[in-house]
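Inspection log for the structure reproduced underneath, given as structure tokens.
The values are calculated or read from the model by the stated rules, or taken from the named source; none is laboratory data. Fair warning: this is a prediction, and the values are worked out from it, not measured in the lab. Every residue, glycine among them, receives a Cβ derived from its backbone with ideal geometry; neighbour counts consider all protein chains shown.
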Amino acid sequence: MRRSYVLNTMVAVAVLIFASAIASAQTGQLRGSVKVVGADGNATPVTNAVIDVWRTDIAGDYHTKTDKKGEWIFAGLPYTGVYVVSASAPGASPASRAGVKAGREIPVDLVLSAGDGKKFTKDEALASAGSGVPAANSGGGSGNDAAEKAKAAELAKKNEEIMAANKKIDNANQVIGDAFKAGNTALMAKNYDEAIKQYDVGLAADPEHPGAPSLLTNKSSALRSRAVEKYNAAIQNKDEAARNAGLEIAKTDFKAAADAANQAVEMLKKQPAATAPEEQKQQTTNKYFAFLARAEAMRFFVTKVDPTKSDDGITAYQEYMAVETDAAKKAKAQLDMAQMLLDAGAADKSMVEFKKILDAQPDNVDALYGMGVSEISVGYAGNDKAKLQEGVNYLQQFVDKAPDTHRYKSEAKATLTELKNTESVVPEKTTKPGTRKRP
């Protein structure tokens, strides 16, 4: 009864959703602080310092001011942009830093010296940037004293470290971007081996990269699709040894798909909540597709690899349904979860889920069939004639309501005949599925 279901299900899910890719225009946060060095050599925060940010790779500029703590922040800047940041304030000389990237959690901290309050243009900011050391003093302050020089040297050293980190990030971004595009192209072409290889290249470049969850999500889809192909090929192989070997290979991929999807979800859960609207939208999209991929991966893992993980499968589906806004997709997920439990041999749990569906949709033929099979399975396991009777009642309801083209209709009729002959259990006339006649 199960084998035909498995084969049909496998074929159905071979067509995947590939929209889980990270957007090429992903945005990130840029933040920093501004301090000014006083005559005593101490640096104090500057309130309302003007922050000018210009993109240097393409046109674009952004402007803000520091808060009472001398701090500033931009949310939603294009992640791929390269920026120069300038700070200026009354009574101070401006300072700038170039080669800045958004979304790296590396603050741009600038220290100003006393000056005439000059404000840099973009070209002046680029010309002055580099070390992060305050620009030349145009107001005759105390920029040459020993304390200021020491702080400037410290800033220069810190900037070198930041520039080195930015270079490493740039290299990783290039590798990850190329691998992601190549992986998606291969995935769309159903070249799953190549897709998995490319996603692994991207993950190896920076496993903690903000785009890593999306790489893992798509890798899970590729692994699951490859497992589907191998499983279908294996169960049709007439050579027992080859069939068993093929099934083991498929199981390995099903497990790897579940592992990748679970890792993607966990990484996304740990990411701080976005504040900018565009970042929030992207974060929501990434989580949606990760949860969807995990639910699908866990369905196969539970039914084909490890039935003892049925509770993990339930969690995966519940978290996916919590973010699913399409009523039809949510209903399908609820049915898939119930069927997963039945296929995993957890008929007691599947009964609960099928019952929830039938409470809302009494004529749902798939739920009627699943409920009938679940009740019968529990009845056989516990030698419970009452459960067998309820299962037969549900199964008869299915036969009465399902179209003749339904793939399980003939199987249901055969099951009813078998139970009549072996257990002397026949359907009761009911007004409600599963309700037994009162004596």
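Note on the range 38-89: residues that are closer than 21 Å to Lys118 by Cα, among the aliphatic types (A, V, I, L, M) and either modelled with pLDDT under 85 or in contact with a helix residue (DSSP H, G or I) (Cβ under 9 Å, 6 or more places away or on another chain) (or both) amount to 4. Just for the range 173-206: of the residues that are surrounded by 15 or more Cβ atoms within 10 Å (Cβ to Cβ) and among the hydroxyl-bearing types (Ser, Thr, Tyr), which one is nearest to Ala261 (Cα to Cα)? Result: Tyr199. Looking only at residues that are in contact with an Asp or Glu (Cβ under 6 Å, 6 or more places away or on another chain) and within 13 Å of Tyr199 (Cβ to Cβ) in the range 220-242, which one is surrounded by the fewest Cβ atoms within 10 Å (Cβ to Cβ)? Top of the filtered list is Arg226. Go through the range 306-322 and give me each residue that's surrounded by 21 or more Cβ atoms within 10 Å (Cβ to Cβ) and out of contact with any Leu (no Cβ under 8 Å at 6 or more places or on another chain). Once the filter is applied, which keeps residues that are surrounded by 21 or more Cβ atoms within 10 Å (Cβ to Cβ) and out of contact with any Leu (no Cβ under 8 Å at 6 or more places or on another chain), the range 306-322 yields Ala316, Tyr317.
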